[in-house]
Every structure is written in structure tokens, then in C-alpha cells.
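Reading through the C-alpha cells given below for one structure.
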Amino acid sequence: MDFKLGRINLNKVAQGVGGFVFGKDTSNSNDDSYVQSLLERIKNVEEDNDNKRIEALDELQSVVEESVSAQLAFGELGISVLMGVIKGERDNEKMVKGALEALASALTPIAPEGGVKNEIHPAMMNSDLLCREAENISLLLGLLDSDNFTVQYHTLQLLTALLTTSRNRVQEAILTIPQGITRLMDMLMSREAIRNEALLLLTYLTHEAEEIQKIVVFEGAFEKIFIIIQDEGGAEGGVVVEDCLVLLNNLLHCLSNQRLLRETTGFEPLISILVLESRVSKFSKQKTSNLLRALEIVEMLLVGGPAAESGKDNRISNQTVLYQKKLMDELLMLGVENQRAAVSLRCSALRCIGYLVVGHRQNLDAFASKVLGEEPNVEPALNSILRILLRGSTAQEFVAADFVFRCFCEKNSDGQGLLASTMIPQPQSMSDTPLEEDINMSFGSMLLRGLTVSETDGDLETCCRAASVLSHILMDNIQCKEKVLRIEVEAPIPSLGSQEPLMHRIVKYLALSSIKFKDGNHKTSARDSYIQPVILKLLVTWLADFPDAVHCFLVLRPHLTYLLELVSNLSVSVCTKGLAAILLGECFLYNKSDDKSKDASLVVDVISEKVGLTSYLLKLDDLQRSYVFTSTKAGLRDSMAEMDDISANNETDWKHDEHPVLNSLFDAQFVDLVKKLEENLRASIVEISSHLKNKVVALPVELEQQSGESDGDYIKRLKLFVEKQCTEMKDLLGLNGTSAEALVRATASDSAGTDKLRRDLQEAAKQVQVLKSEKAKVQDEAHAHRSLADKMKSDLKSLSDAYKSLEQAKSLLESEVKALKFEAKKSPDLDAIKEEAKEEGRKESEVELNDLLVCLGQEQAKVEKLSSRLEELGEDVSSLLEGVGEDLEMPEDSDDDDDGK
């Protein structure tokens with residue numbers, strides 16, 4: 001016996017899902033005329049001849065699925081004809097199914113051959129034509145009320161195809177349809193294949209549509225999503241869990257939905273997804289993806305929403321509740337304690353820790369006292385995170401851990417003081433302790449050890465990382481600056497005698513980094529490019545509004561000389577030269593010294609002589625226009641925007657001023673500090689230049705009393721001379737001040753003259769951002785295709801399981817038939833009963849099998865298309881499709897042997 005639907009034959013299915021053949025070869029025909037002829041057949045053939053119309057629908061679906069020109073020819077006529085079929089013949093399930101399949105194929109974009117882009121996008125045009133009439137969307141939604149599996153399935157696929165190409169139109173149309181969203185939500189509680197399609201559709205539907213997000217939540221989305229996640233196994237589940245989390249992410253972009261979740265269902269179901277069984281839990285690729293999606297939602301909740309007051313209140317409420325529900329414990333397990341997790345997962349957890357405590361007094365205090373480990377090997381959580389920062393093998397780990405300390409220290413003077421109070425130098429014997437044994441060291445001791453690494457080690461990366469943490473501790477905190485300024489460290493070589501201030505050691509390492517870069521045998525890497533700016537960031541933060549630090553810095557004259565050389569060095573980055581110029585400016589801006597060899601006037605004179613005031617001011621302009629400063633956005637969330645690029649790109653591909661580490665470490669708070677310093681520096685240069693440098697003047701010969709001149713005449717002449725000199729001095733002072741002002745204006749004018757260059761640079765930067773955006777889109781597309789392929793695999797498995805159950809039911813029925821035949825010899829009436837039962841079971845099996853086989857064939861065709869697209873994007877799809885179809889064992893077609901018995 002052959003089970004057939006259209007041109008699908010079970011014999012071909014038994015040979016493998018890939019053996020399905022749809023449609024016929026029309027490569028030699030004219031697509032335009034061929035599509036028109038098919039539409040005419042569908043429209044005009046007598047209604048009682050459904051077989052020919054169904055065959056035409058199948059052929060139409062096949063050709064528009066494979067040909068761009070056929071999609072173009074489909075157009076408005078195709079939409080009209082097929083929607084007419086759906087509207088006028090709703091009870092004819094085969095016709096409706098065929099129309100839905102053909103429409104979905106006509107609305108699905110086809111990748112151009114050879115990678116050549118086509119300006120015409122017929123799939124999008126067809127989608128737009130279909131969406132112009134809200135009645136069409138209403139008609140499609142009405143099909144979801146059907147009891148037929150395939151009709152529901154293909155309707156959902158068609159609506160999803162519409163949303164991918166014409167999202168806004170579909171969203172607007174659905175909002176106008178009564179109970180439209182309710183029908184879609186009901187699909188979440190349907191059979192697995194239907195549910196999965198509904199999840200995908202709702203994800204597209206709720207994207208950037210706040211009103212729809214609210215309605216979906218009102219229809220009970222939170223409860224249904226969490227039920228599905230739990231049924232699928234939570235984080236251990238498959239791609240369906242990830243789809244649920246993507247949908248949940250969309251819904252929680254709305255602040256009112258966040259409040260509703262917090263006050264009704266609660267955050268516990270979300271937090272439970274992050275719970276690990278132990279510190280040695282294993283992580284599959286899908287589990288990692290699921291956890292990352294959950295952490296994205298947590299991060300969004302902790303950010304809270306826009307910077308408006310309502311968003312701030314919502315953020316604080318979310319922080320409070322999430323901490324109370326023990327979220328911190330799960331984040332520490334993921335980000336700190338479990339080292340088997342992927343780097344991206346650990347870093348995401350660390351960022352969430354930062355967002356959980358920033359600006360929240362109770363959470364900050366609780367976090368400060370948090371300890372990890374088990375007795376007797378326990379240590380503060382801050383110490384463990386510092387160890388990750390200092391030892392992490394990737395820039396991602398460094399930046400993520402640094403973000404925790406930035407959040408902890410921001411507007412938290414008590415926390416800054418707590419960390420600074422532990423900075424007590426250890427004896428040399430302790431400093432030589434192996435890194436693995438530093439668990440017993442205090443936070444400050446570990447930090448000092450990183451700052452004062454041995455010169456022979458040459459580990460400037462460690463010094464750089466520790467310097468970034470110290471800059472957070474010192475930011476806007478005079479008490480901490482004073483305490484750290486008094487710290488002295490042992491000389492590397494004891495025979496050299498006295499200890500040296502910590503600041504001098506840090507400046508020494510800054511100079512060592514310059515020597516390293518000047519070495520002709522050393523190739524500067526992108527990683528090295530951020531070491532100098534980060535150390536300079538610490539010094540700029542330290543000296544800001546702190547004269548004692550300026551005095552300590554200028555104690556050694558070589559420090560000033562080194563800065564002058566750094567500002568003039570053509571080989572260093574714009575960012576490094578600009579920060580060195582800011583540091584030089586602090587040396588006269590906050591200089592309160594009475595020593596003529598170190599006062600502010602001397603520093604300005606040295607800058608004027610060695611660098612030139614014009615050149616110096618241009619360095620400040622260049623810094624403000626540098627990529628690091630122009631790309632920094634206000635807000636903690638934006639500062640982490642490019643960290644994903646670190647793992648996706650070779651670090652040597654980054655230019656000096658564009659490394660994501662700099663974009664992340666140079667936060668808005670530091671950028672604002674530098675901008676204020678620049679404004680004050682320009683005003684200070686004008687003021688200092690208006691005073692005379694030398695106050696001692698040699699006595700002119702004219703002031704000596706001439707022979708024969710009376711004392712009265714001599715005094716009178718002296719008086720006139722002094723008055724004249726005073727007048728000239730005033731004129732000179734005025735002229736000097738005017739010259740300084742003119743210099744500043746001229747510099748500004750020169751800066752304005754470079755606007756064209758700056759605009760060109762900005763345009764180039766925009767082009768780079770466009771390229772990055774296009775790259776991100778390609779990566780997103782690849783991820784979407786991978787997700788769809790995973791979902792297809794899951795659907796195929798579900799359909800295969802359903803088919804097996806039907807086969808078992810069929811076998812059971814056949815066994816019953818054989819038993820009835822055995823009894824037939826005694827009772828002739830049993831033959832009729834047997835035939836009736838057999839026929840009923842056959843019909844039921846045929847209907848279900850045909851539905852499932854159609855879906856299997858279509859899913860396989862989609863998998864093949866996705867595979868081709870993924871291969872074009874450079875993805876390995878063999879693992880995605882491994883095992884697909886192996887469990888699907890189909891019986892050979894055969895006539896019922898029982899009939900002959």
C-alpha cells in the first residue's frame with residue numbers, strides 16, 4: 001500500500017528525508033509565463049477537479065521557492081489568487097494547505113547566486129503586497145482556529161515569513177484585529193511543532209513593539225514561557241529554551257512589564273535557570289547559549305531602562321529584589337568559582353555583578369563582606385575577582401573584572417576607603433611568594449604586588465591592570481589619594497638603600513614601557529598599545545585637584561623631562577600623547593610650590609621651550625578628537641559595547657587608539673574629568689603667561705648719580721625713571737597677556753581650520769562603524785540560521801517520535817486484525833468487523849502520517865537551504881545536522897498480506 005500526498009512517496013522517505021522531490025524541473029521554461037499559467041489553472045479549473053488545482057499549487061510552490069524571477073512574476077496576481085483560495089475554500093484543507101505553502105515560498109528571500117546582490121527583492125515586495133490589506137492578516141489569523149495540524153503549522157510559518165520582511169506592517173495589522181494576539185498565544189499550549197513555530201513568530205512580533213509586548217504579557221506570556229522552559233529542562237534544555245529566553249528578553253524591554261514580572265510571577269523562575277549543580281558543572285554549547293541569554297535578561301533588568309527618573313527607580317527596585325533572591329550567589333558561581341564555563345559566560349556574569357551593586361548602598365555593603373570558598377580556604381569575593389583581573393589570560397576577563405571594581409567604587413567613598421586601607425606593603429619575602437599562594441594576602445597586598453612587579457619580570461601588563469583598579473579607588477577621593485601617596489615600596493635591589501614612593505615606581509614602569517616600544521627588535525602588539533594610556537589614566541586621576549601628588553611627581557626632575565619627550569614622541573599614539581599633555585598640565589594647574597625650580601611658571605616655560613604652546617594645545621585638541629574619547633558614551637552599559645569584538649578578532653588587528661580595552665576602560669566619568677581639566681588648562685596658561693618670569697632686574701647705568709648733580713635733581717630723575725618703567729611694565733604685561741590669549745585663540749582657529757580633516761576622519765570612522773555593523777549583521781544572520789537549523793532538527797526529532805508512535809499504533813491494530821481473523825472461522829460476522837476496524841485504523845494513520853511527512857519534507861528542505869547559507873557564511877553545519885533522519889525508519893510500501901489470508 002502506498003501512502004501518498006502530492007508527489008511524496010513513502011518509498012522515497014524510507015531512503016532518507018533528503019530524498020523528497022518537490023515540483024518539477026522548470027529551468028528551461030520562462031518563469032514569468034510559467035507562473036502566470038499556473039495561477040490561471042488554480043483560478044479557472046473547475047472546482048470539482050481539485051486534483052489538478054492541488055497539483056498546480058504544488059508546482060507553483062516549487063518554482064517560487066527556487067527562482068527569484070518566479071517570485072517577481074508571482075506579484076499582486078499571485079497574492080490575489082491564493083488569498084482567494086484561502087478565503088473561498090476554507091473547508092478544503094488540501095487547497096488551503098497548498099496555498100499557504102506557495103505563499104510562504106513566495107515570501108521567503110532567496111540567496112543570490114554567486115553572492116551577487118540584486119537591487120530587486122521580490123520576496124519583500126510580495127510581503128508588502130500581502131500586508132497592505134489588513135483583511136489578509138485577519139484571514140490568516142483566523143486559520144489558527146482550524147483543527148488541522150498542517151493548516152496551523154503552515155499558517156504560523158507564513159506569518160513568520162511576513163514578519164521577517166514586513167514587520168512594522170504586520171505588527172500594525174495584528175493590533176487592529178480583535179483577539180489576534182490571543183490566537184497566537186493559544187498556540188504556545190499546542191503540540192510541540194506548533195508551539196515552536198509560535199515561539200519564533202512571537203519573537204519577531206514583539207521586537208521593538210511596546211504595545212504588543214504589553215498585550216502579550218497581559219495574555220499570560222510570562223507563565224507560559226516559564227512552563228515551557230521548565231518542561232524543556234531549563235538551562236540543560238535545547239534550542240527551544242533559547243527561543244523562550246529571546247522572547248522573554250523582548251517582553252522585558254518594556255518597563256511596565258518589568259514591574260509586572262517583579263510584582264507577580266517574580267524573578268525566581270529566571271534566577272533558577274542560572275543555578276548550577278556544583279562548581280564542576282559541565283557546559284555544552286547549547287547550555288552556554290541558554291545561560292548567556294538568561295544573563296542578557298538579568299543585565300537588562302539591572303540596567304532598568306532609560307536614564308529618566310522612572311527608569312532609575314525601576315533599576316533600584318530590580319537590584320533590591322534580585323539581590324534578595326540570592327542572584328549574587330549564582331553570579332559568583334558562574335563568573336568566579338566555576339572555571340569550566342566559557343570566557344564569554346564568566347565575563348557576562350561579572351558584568352551583571354557590577355550592575356547589581358552600582359549605585360545601591362545596601363547591595364554594595366553586602367557585596368563588600370561577601371566571601372567565597374569553604375573553611376578553612378575562604379576569601380572575600382573582591383579578592384577572588386582581583387585575582388581574575390590580574391591573572392586572566394584574555395582581555396575580556398580583565399575588562400569584565402575591572403568593570404566590577406568601577407561599579408563598586410563609583411560614588412562609594414566608603415568602599416574606596418575600605419580597599420585603600422588594605423594597601424599595606426608586604427616584606428620582600430612575602431613579595432617573592434609564588435602566585436599560587438597569594439590566597440592569604442589581603443586585597444591591597446595583591447594590588448600592590450601587581451603594581452610593583454619586579455623589573456626583571458617585565459610584566460607590564462600586570463602593572464597596567466592593577467593601575468586601572470587603583471584609578472577607580474582614587475577617583476574623586478582625596479582621602480584615598482593621600483593614603484596611597486604615603487605608600488613606599490622596597491627598592492628592587494636592597495643595596496640601593498632607601499625605599500621609594502609608590503608613585504615613583506609607577507612612573508618608572510611607564511618609562512620602561514616606552515623603552516620596550518623603542519626596542520628595534522620588539523614588535524609592538526595591540527595589547528601593548530593600551531598599557532601606557534591606562535597607566536597615564538591612573539596618574540591623571542591621582543594628580544587631579546591634589547597639589548601634594550603634583551609635588552611628589554616633580555620631586556624627581558627626570559619625570560618632567562620624560563613627559564616632555566612623551567608628548568613630542570611621534571611614534572606613540574594620539575591618546576598617549578594627549579594624556580601625557582594633560583598630566584603636564586596638572587603639574588602647573590595644581591602646582592602650589594614656592595620653589596622657583598618647580599613652580600607653575602617654570603613648568604609653563606619648559607613646555608613653551610621644549611614643545612611650544614601651540615603644539616601643546618594641539619595635543620589637547622587631538623585627544624578630544626581621538627577615537628577613544630569620541631566613541632565613549634555616557635552610561636555603564638554602553639562602555640561594554642565592543643567587548644564581544646575582542647574574542648571575535650585577533651588582537652593585533654586593532655589600531656592603537658581603537659582597542660576595545662581602551663573604549664571600555666576610559667569610562668564617561670574619566671572622560672568628563674579630562675574635558676574639565678582641558679578647559680582649566682587653557683585658562684591657566686593665559687593667567688601664568690600674564691606675569692613676568694623674572695623679578696630681579698640689573699641696575700641700569702642711568703640710575704647712577706651723575707657728578708655735580710644735586711640730590712634733589714637725582715631723586716627727581718629717579719622718580720621719573722621709575723614712573724616710566726612702571727608704565728612700560730604694565731604695557732608689557734598687557735601685551736604678554738594679549739599674546740597668550742591670541743595664542744589660545746589662534747590654536748582654536750587652527751583647530752577650526754582642521755574641521756575638514758576632522759569631518760573626513762569622522763566620515764571614515766562612520767564607514768568603519770558601518771562595516772562593523774554589516775559584519776555584526778552577518779554574524780547575527782549566521783546565528784539566526786544556526787538557531788533555525790537547531791529548531792528544525794528538534795522539530796524533525798519530534799515529528800519522528802510522533803511517527804514512531806503512529807507506527808506502533810498501526811502495529812497494534814494489525815495484531816488485533818490478525819486475532820479477529822483467527823476467530824473468523826467460527827464467526828463469519830467477524831470478517832466485517834475486521835475490515836471495518838482495519839479501514840478505520842488505516843484512514844486515521846494515513847491522515848496523521850501524511851501531515852507529519854509533509855512537515856518532515858518541508859523542514860528538511862529548509863535545513864538544506866540553511867545549510868547552504870551557513871556554508872556561505874563559513875559555518876560548519878555537519879554537527880548541526882548530525883543524526884537527523886537516522887531515527888526515522890519508514891516501512892516499505894506493501895499491500896496488506898492479510899487480505900489474501
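The values are calculated or read from the model by the stated rules, or taken from the named source; none is laboratory data. Keep in mind it's a predicted model, so treat the numbers as computed, not measured. Here the Cβ positions follow ideal geometry from the backbone for every residue, glycine too, while neighbour counts run over all protein chains shown. Ligands, DNA and RNA are excluded from the accessible area calculation, which covers all protein heavy atoms including side chains. Shrake-Rupley method; radii C 1.70, N 1.55, O 1.52, S 1.80 Å.
A compact table of results
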| quantity | calculated |
| --- | --- |
| Members of segment 269-298 that are closer than 13 Å to ASP329 by Cα and of a type in the set (Lys, Arg) | ARG279 |
| Conditions (1) open to solvent by less than 50 Å² (accessible area, probe 1.4 Å); (2) modelled with pLDDT of 75 or more; (3) touching a Leu at 6+ places or on another chain (Cβ under 9 Å); number of the one not met by SER690 | (2) |
| Lone unmet requirement of (1) in contact (Cβ under 8 Å) with a residue 40 or more places away in the chain; (2) buried (at least 18 other Cβ atoms within 10 Å of the Cβ) for LYS224 | (1) |
| Among the residues listed as ARG351, ARG340, ARG406, ARG361, the single one being within 19 Å of THR288 (Cα to Cα), of a type outside the set (A, V, I, L, M, F, W, C) and modelled with pLDDT of 95 or more | ARG351 |
| Matching residues, segment 334-390, being within 24 Å of LYS287 (Cα to Cα), open to solvent by less than 50 Å² (accessible area, probe 1.4 Å) and not in a helix (DSSP H, G or I) | ASN338, ALA341, ALA342 |
| Residue in segment 295-314 that is modelled with pLDDT of 95 or more, assigned by the TED database to the domain that holds VAL357, over 20 Å from ALA381 (Cα atoms) and touching a Gly at 6+ places or on another chain (Cβ under 8 Å) present | no |
| Per-region count, segment 187-203, residues open to solvent by 60 Å² or more (accessible area, probe 1.4 Å) and either part of a helix (DSSP H, G or I) or modelled with pLDDT of 95 or more (or both) | 2 |
| The one condition in (1) more than 34 Å from the chain's Cα centre (by Cα); (2) open to solvent by less than 60 Å² (accessible area, probe 1.4 Å) that CYS575 fails to fulfil | (1) |
| Residue match in segment 706-713 (condition: touching a helix residue (DSSP H, G or I) at 6+ places or on another chain (Cβ under 6 Å), open to solvent by less than 60 Å² (accessible area, probe 1.4 Å), at pLDDT 75 or above and not basic (Lys, Arg)) | no |
| Verdict on SER272 being surrounded by 15 or more Cβ atoms within 10 Å (Cβ to Cβ) and not aliphatic (A, V, I, L, M) | yes |
| Segment 644-686, subset open to solvent by 20 Å² or more (accessible area, probe 1.4 Å) and of a type in the set (Val, Ile, Thr), residue modelled with the highest pLDDT | VAL686 |
| Identity of the residue in segment 604-632, charged (D, E, K, R) and farther than 15 Å from LEU563 by Cβ, that ends up least open to solvent (accessible area, probe 1.4 Å) | ASP621 |
| Test set (1) modelled with pLDDT of 90 or more; (2) closer than 20 Å to MET423 by Cα; (3) open to solvent by less than 30 Å² (accessible area, probe 1.4 Å) - VAL489 fails condition number | (1) |
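Condition check ((1) touching a helix residue (DSSP H, G or I) at 6+ places or on another chain (Cβ under 6 Å); (2) of a type in the set (A, V, I, L, M)) across all residues:
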site: GLU242; (1), (2): yes, no
site: SER256; (1), (2): no, no
site: LEU270; (1), (2): no, yes
site: LEU274; (1), (2): yes, yes
site: ARG279; (1), (2): yes, no
